[in-house]
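Here is the structure we will look at.
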Amino acid sequence: MADNDIDPSIAALLDNAEEMTTSDSESPNYHFEPKLKDIPEAAPQKRSYADVDLSRTEFAPITKYFEDTPTKVFDDPAYYKTTLGGEGESAQRLHQLLVKYLNCTDKKDRTVYRQQMVNSYWEFLKSLAPKMVSSKTPQCKRFAMRYGVVLPSLFSPEQKDFFSRAIIQNDTGEPVLYMDEWMQEIAAGRISISATDEVAPNRAKTPGAEQQRIQQLKSKNSGKLQSTENLVNGKEHERATVEREVKDRLDQLCEHQPFYGLEPHTRPYDEMQKKLFLEIANRMRQLQKIDRELTQYLKEFQEAKEIESSLDAKAMDLPEETVGVGKEEIMTEMSSVRQMAKMTCGRQGNQFPVFTREFFHCFDKSTGFRENVLRELAWIESIDPEAYIRIHRGVKNRIVPYVLLLPTYGDTGFCWEPFDRYNRITSRGRIIVPMYPRDLRTACLTAVADLRWQVAKEKASFDWMTDGLTGHYYQYIDSKKMKGDVKQFFIDDYILWMTKESNGTQKLEKEVRAIFWRYIPFPQKLKDELKTRSMVYQELYQRDINRSMSDGY
């Protein structure tokens with residue numbers, strides 16, 4: 001939308017809305033500051049997003065991207081009034097700036113209003129955030145936070161159509177959340193607030209301090225509980241496999257052919273059966289080792305279960321009013337989310353927070369709706385099977401991170417936390433994906449690449465510059481005397497690895513390709529295909545074989 005191309009209906013609607021919001025402001029309800037105890041809490045979900053199902057091996061296929069019947073929320077003539085109504089001075093300030101911005105024809109003044117609207121809009125969202133926990137919150141207020149849609153007339157007809165048909169509820173079961181859903185989970189206490197570099201205030205005397213402490217202990221114990229149960233399941237499966245092998249060999253050992261001419265006597269063990277003695281002995285020793293390990297894992301699992309029962313009992317004894325989080329924590333999370341939104345855009349990016357066709361240039365399948373993002377995350381996993389893998393005690397656990405979808409015009413996704421600070425074993429990391437990027441796949445790739453880097457770095461700990469993925473890549477950057485952010489170099493190379501090298505197009509340096517081939521391996525089927533297409537990949541394939549035959553693999 002050009003500066004002079006102002007939709008006449010917008011000015012009329014805003015003038016009408018100004019009267020409506022002005023009349024609302026005369027009512028005490030307009031300046032009502034919501035208290036959490038005054039907001040009816042939504043019905044609890046059957047399963048928390050914090051629960052990680054380690055038995056899942058892949059994303060469920062997306063069979064439906066849009067609803068057949070569009071919602072009528074954006075057709076409501078009172079959408080603008082309802083969205084801003086009851087939100088106090090922040091809504092009035094946003095309305096005044098929006099009127100000035102849309103009716104301004106001077107480019108310089110228009111830029112000033114754009115910049116002023118950024119702070120005003122985020123103050124408005126802070127007013128909305130505590131209300132997201134209530135099931136009675138109007139849908140238009142949720143959409144203002146979810147999509148940045150304050151004024152539906154800023155849609156083009158095509159944009160209005162596919163936003164109206166976007167799937168509202170999360171039926172996928174995956175932890176991919178819009179901003180309103182995220183704040184709902186935060187306010188209800190089902191997801192902990194995002195970690196920051198600031199020192200946490202002393203909450204020893206606050207009413208919810210004990211509840212928070214128990215939740216932290218439960219989160220930490222949950223990781224041990226899930227990981228040990230996974231180890232127990234693995235050992236039980238391994239034991240069952242070896243036992244079947246022992247039974248098969250014993251059955252073979254007990255089969256005796258008749259000795260013709262000396263019936264009813266049978267023949268002694270033949271040479272093949274005599275070899276079974278050693279095989280059975282080896283497997284019996286293997287079963288002894290498995291039993292020792294299983295005994296230890298069961299002991300740890302039992303201890304974790306006892307701790308869980310104890311913490312549950314303590315939580316039951318706490319007063320009900322301590323459940324959830326306070327308004328201070330919600331405001332802290334909103335400050336973190338605002339910082340996340342800035343990071344998706346970058347310093348020189350477009351940080352305008354309100355949805356408008358002037359800046360939105362995505363198509364329906366390239367907009368950062370939940371289903372589209374899940375499609376991209378599944379594509380990434382199909383090429384990088386270990387993208388969401390975290391290894392504990394030699395066991396690979398697939399842990400899909402939280403994905404927060406922010407309605408920004410940024411192009412960069414990133415990882416905010418590789419895992420929860422209280423549960424490094426099975427807690428979900430947190431990645432951020434902008435909803436209105438120039439290329440959704442690239443935005444998702446940058447987020448997963450950042451997650452990959454941070455998880456590998458935390459795993460290597462103090463040796464991150466010498467060990468593993470980060471160590472080998474850092475040494476390569478250092479050997480080339482390259483100046484800049486090592487992680488950003490890695491992210492750029494990861495994108496080439498996923499989009500070009502996976503197709504056999506050689507874009508990476510030889511050393512980087514070798515590092516990625518080993519530490520970010522393609523699926524075996526893709527490796528088998530690539531080795532036939534170039535000597536470069538055939539050589540890397542042979543290195544895999546050589547390492548598998550050596551002790552140091």
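Figures for the structure shown
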| item | result |
| --- | --- |
| Computed magnitude of the charge dipole of region 459-502 (debye, nearest 20; Cβ of K, R +1, Cβ of D, E -1) | 120 |
| Å² per residue, accessible surface of the chain at 1.4 Å | 52 |
| Burial order of peptide ranges 180-186, 274-280, 255-261 (average beta-carbon count within 10 Å, highest first) | 180-186, 274-280, 255-261 |
| Only Lys, Arg (+1) and Asp, Glu (-1) charged, at Cβ; the chain dipole about Cα centre in debye | 1360 |
| Amide H contacts of Trp416 (H built 1.01 Å from N, under 5 Å, at least 5 apart or other chain) | Arg430, Ile431, Ile432 |
| Positive-end residue, region 230-313 charge dipole about Cα centroid, Cβ charges, pick of Leu253, Phe301, Leu231 | Leu253 |
| Nearest 10 degrees, 0 to 90: helix 327-345 Cα axis against the chain principal axis | 80 |
| Cα-only Debye scattering, region 402-443: base-10 log of I(q)/I(0) at q = 0.19, 0.24 Å⁻¹ | -0.55, -0.72 |
| For Val52, solvent-accessible area (1.4 Å; no DNA, RNA or ligand), Å² | 20 |
| Carbon/sulfur fraction of accessible area - the chain, other protein chains in place, 1.4 Å, % | 50 |
| Karplus (6.51, -1.76, 1.60) ³J(HN,Hα), θ = phi - 60°, over region 442-459, in Hz, Gly and Pro reported as x | 5, 4, 5, 5, 5, 5, 5, 4, 5, 4, 4, 5, 5, 5, 5, 5, 5, 5 |
| Highest-first arrangement of 302-309, 403-410, where packing means the average Cβ count within 10 Å | 403-410, 302-309 |
| Whole-angstrom Cα spans of the chain along principal axes, big to small | 112, 63, 48 |
| Relative packing of peptides 517-529, 73-85 - highest average C-beta neighbours within 10 Å first | 73-85, 517-529 |
| The chain: calculated mean residue ellipticity at 222 nm from DSSP helix runs of at least 4, using -39500 (n - 2.57) | -17500 deg cm²/dmol |
| Amide proton proximity set for Val176, modelled H, under 5 Å, gap of 5+ | Val403 |
| Positive dipole terminus of the chain, leading residue within Ala456, Leu54, Gln348 (C-beta point charges) | Ala456 |
| Long-range HN-HN contacts of His392 with modeled amide H, under 5 Å | Asn397 |
| Qualifying lysines (Cα of each under 19 Å from Cα of Lys365; at least 8 residues distant if same chain) | Lys64, Lys160 |
| Rounded to whole Hz, the Karplus (6.51, -1.76, 1.60) HN-Hα couplings of region 462-467, x for glycine and proline | 5, 9, 5, 8, 10, 10 |
| Alpha-carbon centroid distance for the pair region 223-289 / region 322-398, whole angstrom | 51 |
| Set of lysines with alpha-carbon distance to Lys327 below 19 Å, sequence-local pairs under 8 removed | Lys35, Lys37, Lys126, Lys131, Lys136, Lys141, Lys205 |
| Residue-level accessible surface for His361, protein heavy atoms, 1.4 Å, Å² | 140 |
| Pairs beyond 31 Å (Cα-Cα), from Lys459/Lys507; Lys487/Lys525; Lys342/Lys525; Lys107/Lys507; Lys480/Lys531 | Lys342/Lys525; Lys107/Lys507 |
| Gain in span if fully extended, Phe359 to Lys510, counting 0.36 nm per residue against the direct Cα distance | 50.4 nm |
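The values are calculated or read from the model by the stated rules, or taken from the named source; none is laboratory data. What you see is a predicted model, and the numbers here were worked out from it, not measured in a lab. Please note: Cβ atoms are built from the backbone with ideal geometry, for glycine as well, and neighbour counts cover all protein chains shown. Please note that ligands, DNA and RNA were not included when accessible areas were found on the heavy atoms of the full protein model with its side chains. Shrake-Rupley method; radii C 1.70, N 1.55, O 1.52, S 1.80 Å.
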